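Encoded as structure tokens, the structure appears first; notes follow it.
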Amino acid sequence: MSIINIFFTATTLNAAITLMPVCLQSNQIQIVFLFYDGMNALDLVGPHEILCDLPEAKILRVAKQPGPIRTDSGLVLYCARLRS
């Protein structure tokens, strides 16, 4: 099984959408949304709502460290540490 990772940030969204036809030919798509201070929440929410419905997609949400992430508009997202 091949896994293709797609990382989303505001600057890579257009490139990732361009890759979607190639990714859909593989067995599994791993989509990773990166949370970081100063991010725009709409850059995450819009693509997440569309891509989470792909049947073979595994959605991951990651941050550099657990804790609060403040978006550019002041919205605070909280990232928890996952247990392995």
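The values are calculated or read from the model by the stated rules, or taken from the named source; none is laboratory data. All values reported here derive from a predicted model rather than from experimental measurement. Backbone-built Cβ (ideal geometry, glycine too); neighbour counts: all protein chains shown.
Taken over the stretch 39-84, the criterion of being of a type in the set (S, T, N, Q) and either without any contact (Cβ under 8 Å) to a residue 12 or more places away in the chain or closer than 18 Å to I29 by Cα (or both) is satisfied by S84 alone. Looking only at residues in the stretch 1-58 that are under 18 Å from C79 (Cα atoms) and in a loop (DSSP other than H, G, I, E, B), the one that is modelled with the lowest pLDDT is T9.
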